[in-house]
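Right, one structure below, let's go through it.
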């Protein structure tokens, strides 16, 4: 397994010791595009999808770029965190300066993604609760996010 794949797996699992070790050896991995995910995800996208706020913090400390887009939706990781209903990861991204109203290629902002989650549109993609999406939307609104 390559270092990139090992890093993405460590982020997915929230394996912070492995994540720290890989990034200590190669900081560039913090922004490495997945070799196995056809969606073209970066480690911050993986942290968003799987609700790994601590892993996101580690990645950011090692230079992860909050402005990187995935290949499938042209979305920043903040949009992914809102889509998957991960309020803890939303907060980490906002604290790191992620653009709260950046649209993906479908025209959705992170707040738009959270609001769609509240309406039940993403249930088939996420195990988030209605409260998770509400908290994500509240965090985004508190930073001036727009739909």
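The values are calculated or read from the model by the stated rules, or taken from the named source; none is laboratory data. Every value quoted in this text rests on a predicted model; they were computed, and no experiment measured them. All Cβ positions, glycine included, derive from the backbone under ideal geometry; neighbour counts span all protein chains shown.
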Being touching a helix residue (DSSP H, G or I) at 6+ places or on another chain (Cβ under 7 Å), part of a helix (DSSP H, G or I) and more than 23 Å from residue 10 (Cα to Cα): is that true of residue 145 here? no
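Residue-wise test of (1) part of a loop (DSSP other than H, G, I, E, B); (2) at pLDDT below 95; (3) touching a helix residue (DSSP H, G or I) at 6+ places or on another chain (Cβ under 6 Å); (4) closer than 18 Å to residue 73 by Cβ.
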residue: 107; (1), (2), (3), (4): yes, no, no, yes
residue: 111; (1), (2), (3), (4): no, no, yes, yes
residue: 127; (1), (2), (3), (4): yes, no, no, no
residue: 131; (1), (2), (3), (4): no, no, no, no
residue: 137; (1), (2), (3), (4): no, no, yes, no
residue: 141; (1), (2), (3), (4): no, no, no, no
For segment 10-30, which residues satisfy the criterion of being out of contact with any helix residue (DSSP H, G or I) (no Cβ under 7 Å at 6 or more places or on another chain) and surrounded by 15 or more Cβ atoms within 10 Å (Cβ to Cβ)? 15
